[in-house]
Amino acid sequence: MSDMTEFANKIFSSQPFSNFIGAELDHVGKNSAQISAMMREDLRQQHGYAHGGVISYLADNSLTFAGGLALGGDALTAEFKINYVSPARGKKLIARASTLSSGSRQAVCQSLIYSVDEEGTELLCAAAQGTIVATSPTPREGN
């Protein structure tokens, strides 16, 4: 897994938009990923909640990392849908994605996005599902 973790960290650190938002790749697994971002004033909308675009970014990127890891290499999002279920307040957003199904060229993944308040309480603010496609094969671990 360390090769895939290194691979994921290399890709993540090369993403200018992730750096701009201040997102962090917290954890990766064989079929999963967790990405978080601390909330800043410039990431909020006019009511003080996290902007939907920030939540959507976390959903999209976490889906792609989970799917890419399941597929064993670099990947892109082919499509995704998101449901916003509650306003995202608090100091941090966390997206936890997992692969529901994968084949040789595509994976179907789910991401749950939580807002975290000052006490560390998590509140589900969005759920997303998407199709992730492999762009370039890399050796799967053990091959």
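Structure data summary
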{"read-out": "Only listed residue being polar (S, T, N, Q), over 17 Å from Ala37 (Cβ atoms), touching a strand residue (DSSP E or B) at 6+ places or on another chain (Cβ under 9 Å) and modelled with pLDDT under 95, chosen from Ser102, Ser86, Ser136", "value": "Ser136"}
{"read-out": "For Tyr114: the one exception among (1) at negative phi; (2) buried (at least 18 other Cβ atoms within 10 Å of the Cβ); (3) touching a residue at least 24 places away in the same chain (Cβ under 8 Å)", "value": "(3)"}
{"read-out": "Condition met for Ala37 (touching a helix residue (DSSP H, G or I) at 6+ places or on another chain (Cβ under 6 Å) and more than 26 Å from Asp117 (Cα to Cα))", "value": "no"}
{"read-out": "Single unsatisfied condition, His47 versus (1) of a type outside the set (Gly, Ala, Ser); (2) in contact with a strand residue (DSSP E or B) (Cβ under 9 Å, 6 or more places away or on another chain); (3) touching a residue at least 24 places away in the same chain (Cβ under 8 Å)", "value": "(2)"}
{"read-out": "Of the criteria (1) over 22 Å from Phe7 (Cβ atoms); (2) free of Cβ contacts under 8 Å to residues at least 40 places away in the same chain; (3) not hydroxyl-bearing (Ser, Thr, Tyr), which one Gln106 fails", "value": "(1)"}
{"read-out": "Qualifying residue in the stretch 19-37 (condition: of a type outside the set (Gly, Ala, Ser), farther than 14 Å from Cys125 by Cα, in contact with a His (Cβ under 6 Å, 6 or more places away or on another chain) and in a strand (DSSP E or B))", "value": "yes"}
{"read-out": "Residue that is surrounded by the most Cβ atoms within 10 Å (Cβ to Cβ), among those in the stretch 77-101 that are within 17 Å of the chain's Cα centre (by Cα) and hydroxyl-bearing (Ser, Thr, Tyr)", "value": "Thr99"}
{"read-out": "Criterion (under 20 Å from Val133 (Cβ atoms), at pLDDT 95 or above and out of contact with any strand residue (DSSP E or B) (no Cβ under 7 Å at 6 or more places or on another chain)) met by exactly one of Ser14, Ser32", "value": "Ser14"}
{"read-out": "Boolean, Gly67 is small (Gly, Ala, Ser), outside any strand (DSSP E or B) and at pLDDT 95 or above", "value": "yes"}
{"read-out": "Yes/no for Gly67 being of a type outside the set (A, V, I, L, M, F, W, C), touching a strand residue (DSSP E or B) at 6+ places or on another chain (Cβ under 7 Å) and closer than 25 Å to Ser2 by Cα", "value": "yes"}
{"read-out": "Flag if Gly53 is small (Gly, Ala, Ser) and assigned to a helix (DSSP H, G or I)", "value": "yes"}
{"read-out": "Verdict on Asp60 being modelled with pLDDT of 95 or more, surrounded by 14 or more Cβ atoms within 10 Å (Cβ to Cβ), more than 15 Å from Ser115 (Cβ to Cβ) and not hydrophobic (A, V, I, L, M, F, W, C)", "value": "yes"}
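The values are calculated or read from the model by the stated rules, or taken from the named source; none is laboratory data. Because the structure is a prediction, the values reported are computed rather than measured. Cβ sites come from the backbone with ideal geometry, for glycine too, and all protein chains shown count toward neighbours.
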